[in-house]
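Down below is the structure, laid out as structure tokens.
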Amino acid sequence: PRLLEGRLFDRYVNLRTALKPSDRAMARCRVSIASPKARQAVIVLGFDERLLVKLNGQEVFSGKSRIAVADEYRVPVALRAGENQLVLELQNRKLAWGFFLRIADTDGNPLEDLDIQAKPFIVEKTE
């Protein structure tokens, strides 16, 4: 299935149906974000079940949630001019598994001039 639509992840990305195995698993998604200028931004997300987010190699968010709710978390970040690497590591024990994600300005509005490219997900079984 196509996980990236347009310039933003603008709908729920259902990892349970897209990736196998999905119980007791971890998925890693690498996203390239090209920004025409350095700027402050916000990663707006919701997720199920555990999530670690790194931007340009630095951890910017870590959390646990039982239900993915769009726009539940706001993570302020600094994008640099040019390419930025975003890594999402999601863990799942069982049942629902997925996330919402968008990159916004500090007021929550979409940054339309970003070029966002998702790399294929990597799924690993966890114990």
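The values are calculated or read from the model by the stated rules, or taken from the named source; none is laboratory data. Everything numeric in this text was worked out from a predicted model, so none of it was measured. Glycine also receives a Cβ, built like all others from the backbone with ideal geometry; neighbour counts cover every protein chain displayed. Quick note on the areas: whole protein, heavy atoms, side chains included, nothing else; ligands and nucleic acids left out. Shrake-Rupley method; radii C 1.70, N 1.55, O 1.52, S 1.80 Å.
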Fill in the blank from the handout: Total charge of the residues flanking V87 in space, meaning their Cβ is under 9 Å from its Cβ, with Lys and Arg +1 and Asp and Glu -1, is +2
Problem - Size of charge dipole - the chain - debye, nearest 20, with Cβ of Lys, Arg +1 and Asp, Glu -1, no other charges - result: 460
Fill in the blank from the handout: Excluding ligands, DNA and RNA, the carbon-plus-sulfur percentage of the accessible area of the chain with a 1.4 Å probe reads 48
Fill in the blank from the handout: With every protein chain kept in place and a 1.4 Å probe, region 25-127 has an accessible area per residue in Å² of 52
Exercise for the section: Bin width 10 Å, alpha-carbon pairs only: give the P(r) of region 16-127 as whole percents, running from 0 to the bin holding the largest distance. Expected result: 14, 47, 30, 8, 0
Completion exercise
Sparse-neighbourhood loop hits (trypsin sites (Lys or Arg not before Pro), region 40-83; DSSP loop; Cβ within 10 Å at most 15 others) -> R66, R80
Problem - Total lysine pairs under 26 Å (Cα atoms) in the chain, excluding pairs fewer than 8 apart on one chain - result: 16
Fill in the blank from the handout: When the charge dipole of region 38-127 is computed with +1 on Lys and Arg Cβ and -1 on Asp and Glu Cβ about the Cα centre, the Cα farthest towards its positive end, among G98, A118, G82, belongs to G98
Fill in the blank from the handout: PRE zone check, label point 7 Å out along Cα-to-Cβ of R80, amide N under 17 Å, scope region 23-42, hits 31-41
